[in-house]
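Here is the structure we will look at.
The values are calculated or read from the model by the stated rules, or taken from the named source; none is laboratory data. Bear in mind the structure is a predicted one, so any value in this text is a computation, not a measurement. Note that each Cβ is placed from the backbone with ideal geometry, even for glycine, and that neighbours are counted across all protein chains shown.
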Amino acid sequence: MQIVLLSVVVMFGAALRFWNLGQWSFWIDEVFTARDAQGLSLSDWQSIPNPIPYLAVKLSILLAGNSEWGSRFIPCIVGIISISAVFGLGRTLFNWRVGLLGSVFVACSSWHLFWAQNARYPVFTFLFSILTAWFFFLSLERDSTLLMIGALVSCFCLILSHTLSVVIVPALAVYAVICLLEKPHKKRWINLLIFFIPFAIPVLALALPEIRGYLFSGWGRNEWQRSPLYIVLTLVQGVSVPVAATAFFGALSMLFNKSTRFLLCYAGVPLVLFLIASQLQNVAGYYLFWTTAAYFILAGVACEQVWQTIEDKSLKILGTLVPCVLVVSLLSQCYLYFKIENGGRPKWREAFAAIQSEKQSNDKVVLSEPEMGRSYLPELTPIYIGELLDNSEAFEKAWEDSGKDRLWFVVDVASFNVFDANENVRSWIRHRGHLVQTFPAFSRAKDRTIHIYLLE
């Protein structure tokens, strides 16, 4: 029965993740990933800090073609596999009912759906973090060296999927200390040393200034204003408010349970570390996407607790209301994702198609992400909007000296709101050019509209 029920859940989740997989336009990070993945060779893969997603996207393109659908094929498969992995972790920590509910919530999650339909790393971190946690917990329960080696391998794959996922190591270390206080026998010490010693050398390497410089280069000083509140709200909005609230009560209802403590370490320690780091560096809430399995499983715990507290068999049906409400709320977000939010992406492909239909041979296109232009409209010369942002007079003089070639301006509102908050650049564009077309898109409380202007 468990296999049949899980199969139904996985097939439903697979149908959602393959639906419109190739319809959504690339967004800028996907374009960078697909470009770098295609140019990746076995000789230079060591230069990429997160090689697993790039190798997977490269293989995906080789198998399914150089397109949106082809680039996302393997990440989509990984997302589907992770649904069943959540079932396995939930069943090990609690029971098969909690595991099944957790997998149902993941299958219906629009945030998991978004990353599974994305040629990026988060869905890989989600799967490998679950495998790491699963093997690590089982190893301590069974005092199994083989399982601990499996946890170590999975953890390496997690870190090679996204470097900042290394915060799972201190999370597991906190739980390991708790276990040692309860049962500090020799076999457990040996297994824990097998897992943690490989991470000790990189920590010592932080004493070298060149290592620190490499790790912190490119992060910026939080110019995107990602505050602790922003990170928390990203997680709450991502898993949905109903699931987050239910998970909170699920944790409270079994606070002293060993499995609950494990999940609190798994999700809580990385969150605390990120909240601290956000005061120093530019870290985003979605970097913690891999911890969301804990929220879905704890929500399943709360649902089962409600079921068990109802003693009257005639009223047991009321115990199904909580999971039903959660599923309906999650599916309503999926409806918005498909019907309203354009898959959580700006309409880059549609915008360049509009330019394609009216372009002339000498036209140029000015945009915040030149790589988008090189990907979707390679015939036109892309110009970085920063040239206008830095010195509008020099930009205008260069345009006049060129004979006033036609310039297309692609104004993606989400990016412009960051570097053009006072709208000086947009005012310059509106004053000299005329609006050709607008491609509205709103998702996750952000305006992702793209405006097309023509200056001629």
Any residue at all in region 58-69 that's more than 18 Å from Trp290 (Cα to Cα), of a type in the set (Lys, Arg) and modelled with pLDDT of 95 or more? no
Among the residues of region 5-22, write down those that are within 12 Å of Ser84 (Cα to Cα) and surrounded by fewer than 14 Cβ atoms within 10 Å (Cβ to Cβ). Ser7, Val8, Met11
Matching helices (runs of 4 or more DSSP H) fully within region 392-434 where at least 2 residues are modelled with pLDDT of 85 or more and surrounded by 12 or more Cβ atoms within 10 Å (Cβ to Cβ): 413-419, 424-432
Selection from region 29-57 of residues that are at pLDDT 90 or above and crowded, with 17+ Cβ neighbours inside 10 Å: Glu30, Val31, Phe32, Thr33, Ala34, Ile52, Pro53, Tyr54, Leu55, Ala56, Val57
Can you tell me which of Leu377, Leu389 is farther than 21 Å from Ala441 by Cβ and aliphatic (A, V, I, L, M)? Leu389
Only one of (1) outside any helix (DSSP H, G or I); (2) under 30 Å from Thr234 (Cβ atoms); (3) in contact (Cβ under 8 Å) with a residue 24 or more places away in the chain is not met by Thr438, so which one is it? (3)
Scan Leu435, Leu407, Leu388, Leu380 and give me the residue that is more than 30 Å from Ser109 (Cα to Cα) and touching a His at 6+ places or on another chain (Cβ under 8 Å). Leu435
Out of the residues in region 217-252 that are within 19 Å of Gly285 (Cβ to Cβ) and at pLDDT below 60, state the one that is surrounded by the most Cβ atoms within 10 Å (Cβ to Cβ). Asn222
Log entry, pairs with first residue in region 179-193 being surrounded by 10 or more Cβ atoms within 10 Å (Cβ to Cβ), second being hydroxyl-bearing (Ser, Thr, Tyr), beta carbons closer than 6 Å, six or more apart or on different chains, reads Asn191/Ser139; Asn191/Thr145
Given the conditions (1) free of Cβ contacts under 8 Å to residues at least 60 places away in the same chain; (2) closer than 30 Å to Ile452 by Cα, which single one is not true for Tyr337? (1)
Search region 156-174 for residues being in contact (Cβ under 8 Å) with a residue 60 or more places away in the chain and among the small types (Gly, Ala, Ser), and hand back the single one that is nearest to Tyr54 (Cα to Cα). Ser161
Would you mind telling me which numbered condition in (1) of a type outside the set (Asp, Glu); (2) crowded, with 21+ Cβ neighbours inside 10 Å; (3) farther than 20 Å from Leu5 by Cβ; (4) under 20 Å from the mean Cα position of the chain (by Cα) Ser109 fails? (3)
Listed by range, helices (runs of 4 or more DSSP H) wholly within region 288-360 having at least 3 residues that are buried (at least 17 other Cβ atoms within 10 Å of the Cβ) and polar (S, T, N, Q) are none
